[in-house]
Amino acid sequence: MKSPLLLLPGAVPAEGVDEGVAAHYGDLFREQRALADGSGFVDLSHRGVVTVTGEDRLAWLHLLLTQHVEKLPPHQATEALILSPHGHIEHALYLVDDGATTWAHVEPGTQEALIAYLESMKFFYRVEVADRTGDFAVVHLPAGSIAATPEDVVARETPHGRELFLPRERLEEFAGAHGPAAGILALEALRVEGHRPRLGFETDHRTIPHELGWLETAVHLQKGCYRGQETVARVHNLGKPPRRLVFLHLDGSEVHLPPPGTEIRDADDGPEGRKLGFVTTSVRHHELGPVALALVKRNVPVDARLTAGGTAAAQETVVEP
């Protein structure tokens, strides 16, 4: 779904998963600084929007999600995962309930598979699941923004900013009143700085929540059974995850960023040394320079000197070994 804001001056289209919105509007670092200062907004209208209505909605979602949502208060934001039977991450949902409807936004293109799974689990519960992507656009307002939320618009208020479920036909009007717009790359730079994982970027087919620090934000360890819960409990109580998320400061003298999938090795072992992990997201930050998130083997020493495709990389711990 192509955003009308791609017609704004300077808009450069994003590619890959984020196709359909702007990567930037001509000045990546200015856009980052604006978001960091609490001004502007980011068009996330390519993300999927799913709603659940019906009096059983929260009790039903509570049985399916990793998060405790059975008594979720109205307008309180939360996030949750759906896992495979083996505990691998399949979906990430960013949720809020307005007292009558549970709203979620999800990664672009994942809403159809999510809805298919939810529909298969309805049984006798009084719930209705709907794909509202065509009707509502997600808009991100940065933390500290003084922009008012329209009274008839549902919002998720988080420490990282406010996300609006804006009627799609009002997107251009909103942009005119709340600009300047910032592109998805500016938001990605702040996400990497904040060590926040993203489905499909920091995850692969075997990722479990413990590896990314999602236990702290998207998993409730005391709630009842849900699919994959056995793996979550076993690893939490008896073991350690096989990999861990790290934050990398990259050598700023390199012209090109190491792309996702770039192999990480121990610098002391040379270019043919043992593979220790891989880059998941790399960005240029307006203050920190080139930085990245990466998954490495759990037993990689926290003081190891690393390289990412030949680029020197100093690591900061995100998930403890």
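The values are calculated or read from the model by the stated rules, or taken from the named source; none is laboratory data. Treat the numbers as computed from the prediction; the structure is a model and nothing was measured. Reconstructed Cβ throughout: ideal geometry from the backbone, glycine too, with neighbour counts over all protein chains shown. Calculation scope for accessible area: heavy atoms of the full protein, side chains included, ligands and nucleic acids excluded. Shrake-Rupley method; radii C 1.70, N 1.55, O 1.52, S 1.80 Å.
The table below gives the values:
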| item | result |
| --- | --- |
| Nearest-20 debye value, region 224-321 charge dipole, Cβ charges on Lys, Arg, Asp, Glu | 540 debye |
| Region 280-321 - percent of accessible surface contributed by carbon and sulfur, probe 1.4 Å | 46 percent |
| Inter-centroid distance (Cα atoms) of region 254-321 relative to region 27-49, Å | 26 Å |
| For q = 0.22 Å⁻¹, Debye-computed log10 I/I(0) when each Cα of region 1-129 counts as one equal scatterer | -1.22 |
| Gain in span if fully extended, GLU112 to THR53, counting 0.36 nm per residue against the direct Cα distance | 19.5 nm |
| Probe 1.4 Å, all protein chains present, accessible-area order of PHE124, PHE29, PHE201, largest first | PHE124, PHE29, PHE201 |
| Whole-angstrom gap from region 131-204 to region 95-111, using each part's C-alpha centre | 13 Å |
| Positive-end residue, region 180-303 charge dipole about Cα centroid, Cβ charges, pick of VAL255, LEU221, ALA186 | LEU221 |
| Size of charge dipole - region 196-263 - debye, nearest 20, with Cβ of Lys, Arg +1 and Asp, Glu -1, no other charges | 440 debye |
| The chain: translational diffusion in µm²/s, Stokes-Einstein, Kirkwood Rh over Cα pairs, 10 °C, 1.306 mPa s | 77 µm²/s |
| Shape box of region 119-179 [Cα atoms, principal axes, largest first, Å] | 45, 27, 18 |
| Residues in region 50-68 that a label on ALA100 would reach, taking backbone N under 13 Å of a point 7 Å out along Cα→Cβ | 53-55 |
| Average accessible area per residue (Å²) across region 107-173 - probe 1.4 Å, nucleic acids and ligands excluded | 52 Å² |
| Eligible lysines near LYS297 by straight Cα distance, threshold 22 Å, same-chain separation 8 or greater | LYS240, LYS275 |
| Nearest-0.05 FRET efficiency for HIS75 and ALA233, computed from C-beta distance (R0 35 Å) | 0.70 |
| Sparse-neighbourhood loop sites, GluC sites (Glu not before Pro) in region 217-321 - DSSP loop, at most 15 other Cβ within 10 angstrom | GLU254, GLU272, GLU287 |
| Given charges at beta-carbon only (K, R positive; D, E negative), |dipole| of the chain in Debye | 780 debye |
| Cα lying deepest toward the dipole's positive end in region 1-152, options GLN111, PRO74, HIS24, charges on Cβ | PRO74 |
| Compactness of region 164-321, expressed as Rg and Dmax over alpha-carbon positions, Å | 18.3, 56 |
| Kirkwood Rh and Cα Rg combined as Rg over Rh, evaluated for region 44-96 | 0.97 |
| Loop sites in region 88-163: trypsin sites (Lys or Arg not before Pro), DSSP, at most 16 other Cβ within 10 Å | LYS122, ARG126 |
| Per residue solvent-accessible surface (Å²) - region 197-321, probe of 1.4 Å | 48 Å² |
| Rg [Å, one decimal], Dmax [Å, integer] - region 68-163, C-alpha atoms | 14.4, 44 |
| Expected 222 nm ellipticity per residue - DSSP helices of 4 or more, -39500 (n - 2.57), all of the chain, to 500 | -5000 deg cm²/dmol |
| Spin-label model distance (nm) - GLU169 vs ASP131, 7 Å beyond Cα toward Cβ | 2.2 nm |
